[in-house]
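The values are calculated or read from the model by the stated rules, or taken from the named source; none is laboratory data. Everything numeric here is computed off the predicted structure, so don't read it as measured data. Note: ideal-geometry Cβ built from the backbone for every residue, glycine included; neighbour counts use all protein chains shown.
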């Protein structure tokens, strides 16, 4: 046999043995044929986007609105939050946001046209967050602390509300009491935030 044919044949035999070893799970299914076209590679997730000044990515494409929080004692606080009020914005939320200051806003409010009871999750979310589910009157239905779910994970835990809600407010984890978002308090949306 010519040397070139032996080299090619040796390469094919070694390649086949490596492929068999790599694909073996101990429970081979003789009806399945593995080909090189079925081999997939894992693509690393992109790094968190940084801005030219080196800061981490803040929410983009959202309107900023005034959120008025009335505490249980009647005191009021006004803060600016990002507003997610359509399906596309609500599905994006704070995914991939790495700026712990959230672009200078206190959080993000998810506003719905009617009461809902769907759970939130933290898929592709980098920062730990707290969520307050709020009814149509702005009263707290329930709250939860939510942990980041890494990029690429598809079975992230969900955080269901204790009842139906009309708005959900996400803030950096632990910040709800600082804002006065507590039982017996109320939250209301106002107009656009003043330009800064």
When restricted to 172, 160, the only residue surrounded by fewer than 19 Cβ atoms within 10 Å (Cβ to Cβ), in the same structural domain as residue 84 (by TED's automatic domain parsing) and more than 15 Å from residue 79 (Cα to Cα) is 160
The strands (runs of 3 or more DSSP E) lying entirely within the range 1-117 that contain at least 3 residues which are over 31 Å from the mean Cα position of the chain (by Cα) and at pLDDT 80 or above are none
